[in-house]
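One structure is given below, represented as structure tokens, and several questions about it will come after.
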Amino acid sequence: MMLTNFSSTIEKNKTQIVAVKQKKKRLNKEAIFALLFIAPTFLGLLIFYMLPAVASFALSFSSWDGITAPVYVGLENIRTLFVDPTFQRSIINTIVFTAVSVPLSVVIATFVSLMLNQKIKGMVLYRTLYFLPVVTMPVAVGMVWKWLYNTDYGLINYLLGVFHLPQPSWLFDPNIALFSVILVYVWMTIGNNVILLLAGLQGVSNSYYEAAQIDGASKFRQFLNITLPLITPTLFFVFITSMISSLQMFDLIFVMIGDNNALLDPLRTIVFGVYESGFKYSQMGIASAQAFLLFLAILAITIIQFVFQKKWVHYDS
């Protein structure tokens, strides 16, 4: 009897061991297939993002013209930038661009998403129209708006002339050129923010609004006390991504203004300075130093926002 029980125990253990080995083998196969599926994306990130980022960091401490061997210069590139009035101007322009475009985009996107969250006819069409600029290439957007802003034959000035209103030089007046580009940027990016905020709004339960209506709360009061607190996680995400995008503004300015415009200084951003130093003047070390400083600024601002999010972001619904 005891031998029979002992034999059955051994057979049971053998079966369990075989099952474990088979499970481990299956998991190994799944891991291999998983690695094969993510390999293209990982290699793309490694080759086109990670390695260039490391190389750019190393070059920020070097002097390199793109042809001869790099020469280590330490912090000389950083010191050169901080006494360069052109770089100082690009910092101011970038700060102004971000400080104006991000709040404007978030506020307008919040208002539009509230409108699109209603049950009215043609809502799918409206949502599509608002999202179309997002999937349009920035070069195409810049070219179209460059024509719209044209002082002599642009559509905007033509309509202003019909109503006998002033017709400004949108892209050639240093006082308004930056804000003209900001309007285009907001128009181009607002659709993405609208979609994100709309998803946040649709995640808010109707029971909150029903209870508020019973208590006699107005629509505005419902927005302040229910809607706004419950979509703060989405607002936080939208604010972070919009800020990072605006700090890296380059394509619209390059397309709408070019790099030979006499009025480029009021529009030059940090990333435009990276392009100009690296690809126009072959100062790869200076360009890399600018990119590195911009990375540090974005990192610092993002960390600060994550620290202060606890005071206004509510994750409990």
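Using 0.36 nm per residue of separation minus the Cα-Cα distance, give me the extension gain between residue 24 and residue 143 in nm, one decimal. Before the final figure, lay out each step's value.
On the way: separation 119, 0.36 × 119 = 42.84 nm, distance 5.71 nm.
Extra length available between residue 24 and residue 143 comes to 37.1 nm.
For the pairs 24/310; 121/219; 146/219; 121/310, flag any whose C-alpha to C-alpha distance is greater than 32 Å.
Those over the limit are 24/310; 146/219; 121/310.
Here is a follow-up. What's the angle, to the nearest 10 degrees (0 to 90), between helix 284-308's Cα axis and the longest principal axis of the chain?
70 degrees
As a check on your grasp of the helix formula, calculate [θ] at 222 nm for the chain: sum -39500 (n - 2.57) over DSSP H runs of n ≥ 4, divide by the residue count, round to the nearest 500. Write out the running numbers ahead of the final one.
Details: 14 runs with 217 residues, N = 317.
The helix contribution divided over the chain gives -22500 deg cm²/dmol.
Enumerate the amide H contacts of residue 63 below 5 Å, restricted to partners 5 or more residues apart or on another chain; note that Pro and chain-start residues carry no placed amide H.
When sequence neighbours closer than 5 places are left aside, the close amide H contacts are 71, 72, 73.
Calculate, in nm to one decimal, what residue 120 and residue 83 gain on full extension: separation in residues at 0.36 nm each, minus their alpha carbon distance.
Stretched fully, the residue 120-residue 83 segment lengthens by 7.6 nm.
Only one of the values [x] 64, 54, 38; [y] 87, 40, 36; [z] 107, 73, 36 was calculated from this structure for Cα extents along the principal axes in Å; name its label.
[z]
Pop the C-beta distance of residue 150 and residue 215 into the FRET formula with R0 = 41 Å and round what comes out to the nearest 0.05.
Taking R0 as 41 Å, the efficiency between residue 150 and residue 215 is 0.15.
Please list 3J(HN,Hα) in residue order for the range 150-163, calculated via the Karplus relation 6.51 cos²θ - 1.76 cosθ + 1.60 where θ = phi - 60°; whole Hz, with x for glycine and proline.
3J(HN,Hα) across the range 150-163, in whole Hz: 3, 5, 8, 10, x, 5, 5, 5, 5, 5, 5, x, 4, 9.
Give me the number: length gained by fully extending residue 311 to residue 158, i.e. 0.36 nm times residue separation minus the C-alpha to C-alpha distance, one decimal in nm. Show your work: numbers first, answer last.
Working: separation 153, 0.36 × 153 = 55.08 nm, distance 4.80 nm.
Length gained, residue 311 through residue 158: 50.3 nm.
Using the Kirkwood radius over C-alpha pairs as Rh, can you work out the diffusion coefficient of the range 191-269 via Stokes-Einstein at 25 °C, viscosity 0.890 mPa s, in µm² per second?
For the chosen part, D equals 157 µm²/s.
Per residue, how much accessible area does the chain have with a 1.4 Å probe, in Å²?
Roughly 63 Å² per residue, with all protein chains present.
Please tell me the relative contact order of the chain in percent, rounded to the nearest whole number, where contacts are Cα pairs under 8 Å and at least six residues apart.
27 percent.
Checking the a/c ratio against 1.5 first, then a/b against b/c, what shape does the Cα gyration tensor give for the range 210-317?
Judged from the Cα gyration tensor, the range 210-317 comes out prolate (a/c at least 1.5, a/b above b/c).
Arranged from highest to lowest average of other beta-carbon atoms within 10 Å per residue, in what order do the peptides 58-68, 244-254, 183-193 appear?
So the order, starting with the most tightly packed, is 183-193, 244-254, 58-68.
Tally up the carbon and sulfur contribution to the accessible surface of the chain as a whole percent, 1.4 Å probe, everything protein left in place.
Looking at the chain in its full context, I get 70 percent from C and S.
With the crude spin-label approximation of a point 7 Å out along Cα→Cβ, what separation in nm comes out for residue 172 versus residue 244?
Label at residue 172, label at residue 244, 3.9 nm between them.
The values are calculated or read from the model by the stated rules, or taken from the named source; none is laboratory data. Every value quoted in this text rests on a predicted model; they were computed, and no experiment measured them. As a convention, Cβ positions derive from the backbone with ideal geometry for all residues, glycine included, and neighbour counts pool all protein chains shown. Only protein heavy atoms, including side chains, enter the accessible area calculation; ligands, DNA and RNA are left aside. Shrake-Rupley method; radii C 1.70, N 1.55, O 1.52, S 1.80 Å.
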